[in-house]
Each structure stands twice: as C-alpha cells, then as structure tokens.
Amino acid sequence: MQPYLFPYVGYFQLLRAADRFVVYDDVAFIKQGWINRNQILVGGSAVRFSVPLDDASSFRPIKSVDVDARRYPPWLRKFLATLDQSYRRAPFYREVRSLIADTLSGFEGSIAGLALRSIEATADYLNLDTEIIATSAGYENKELHGQARVIDICLREQASDYVNLSGGRSLYSSGAFEAHGIRLQFLETNKIQYDQLGQSFVPNLSIIDVMMFNAPDQLEGLLRAYELSP
C-alpha cells in the first residue's frame, strides 16, 4: 500500500491481517490522493485536512516529495487547534491528541516519512505488531510495475498469501498469483459505526476519529470487523 496520512480503519485492518506490511514509498506521488490528506469530523460533517507540500509532482516518487518547511509549522498549529475545537468532548481526546501532536511536531522531510510515521505511531497505539517495511529499503525492483512487482515482492518474502483491500480486485489476477504458489485474498471492511457524541454518524473518516471515540477494547473489535475472500 502507498503511505497515507492517518488513514482510515480499513488500512489498519489490512495491517492486522498481514505478517509483513509493505509500504510503496518509491512509486509516483498522486495529486489529489490520500497521501498527504484525510478527513476528520468538524461540526458534524467530514472536513478535509491537507499537509502542505513543496513542489508536489505526479512525476516524482512519494519519498522525494517534501513537506513544505515554511508552511508546515503554521499549518500544524491550525490543525491542532481544529482538533481541540472539534474533539475536546470526545472520550479519548487527551491521549489521541497527544499521539497526533507527538507524531506531527518537529517533522522535516518527505511526506512518505511523515505518513509512515503516522502509520507506525497509530499501529503502536492499536497494539499492532506487524512488521512494516518500505519498498525503497531494499527490494530493488522498481523496473517492475503493477502486479508483476507485487508478485516479485511476495516471492522475495516467500509469501504464501497476498492480501489487498477490496478496491484492488480490478488490478490483480488470482491465476497469476496461483502460478507462483501464492493465494490472492481481498479484505472487505464490515459496516462500522460508533457514537460520535450523539450526532448522525459520518463514516470513512481518518483513524483519528475512530480513536477519539473508542476505548482500546472497542478498537480491537473494530480492527477485527472484516472478511477475507478470493
């Protein structure tokens, strides 16, 4: 998966389902995607936040697109103030706000690094111990693309199974994986709903929202709320 900033709960369900989670940090950055942005609850509605980037281009790998060093500090102050205003009454506001501030504060570098930092910090909070590795760390197969590269990574890892989110069904062929002795599976998130301070439920927000409103034992249940199928 590409590295996303505080992604939605399905991303962490996938992390839970895997023994090793591979982050694609050396593929092309996608503008208007979820790499540097997500949604939180503000005034009962989904509102998007976006980390400012320096010269973001779809022709550059994610790991080469930097967070804008000049605009990032004021953006972070405003973002944390928005969290304070929107989630102060949430039952787990204090600990989750601290996690977010610690993760985002003082950062300099690429958006891939910041997104991965958010994934690792959240995984630790969720008690997920899946090993996370970036593709730039040593697979050395950038000449391969799409399904061919995924299969090559699986073979290098001696994987018996490859799991992706259900949205990837159109990208992969079970026959191509089976030819290499690998079972292809897709993760489908079950319907998830929880109390957002009595407001009409707004789905598909950042994991930030999920953590704000759910106790650790509830989070464990939500992480298990998925099905795997061919």
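Read the figures in this text as sums done on the coordinates, not as results from a lab. Note that the structure is predicted; figures quoted are calculated from it, not measured. As a convention, Cβ positions derive from the backbone with ideal geometry for all residues, glycine included, and neighbour counts pool all protein chains shown.
Okay, here's what the table says:
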quantity	calculated
Residues Phe49, Phe59, Phe201 arranged by fewest to most Cβ contacts within 10 Å	Phe59, Phe201, Phe49
Thr135, Thr130 arranged by Cβ crowding within 10 Å, fewest neighbours leading	Thr130, Thr135
Residues in the stretch 83-97 that a label on Asp195 would reach, taking backbone N under 20 Å of a point 7 Å out along Cα→Cβ	86-97
For the chain: relative contact order, % (alpha-carbon pairs under 8 angstrom, 6 or more apart)	29
Amide H partners (placed H, <5 Å) of Asn38, local residues excluded	Phe49
Using alpha-carbon coordinates, inclination of helix 111-125 to the longest axis of the chain, degrees	80
Residue pairs, from the table Lys31/Lys63; Lys31/Lys142; Lys78/Lys191; Lys31/Lys78, whose Cα atoms sit over 25 Å apart	Lys78/Lys191
FRET efficiency for Arg224 and Glu157, using Cβ-Cβ distance with R0 set to 35 Å, rounded to 0.05	0.90
Convex hull volume per residue in cubic angstrom - Cα atoms of the stretch 9-229	125
Residues Met1, Met211, sorted so that the one with the fewest Cβ neighbours within 10 Å comes first	Met1, Met211
Helix 93-104 vs. the chain, principal-axis angle (Cα, 0 to 90°, nearest 10)	60
Percent RCO, i.e. relative contact order, over the stretch 1-129, from Cα pairs under 8 Å lying at least 6 residues apart	30
Förster-model FRET efficiency, 30 Å R0, His180 and Glu120, C-beta, rounded to 0.05	0.50
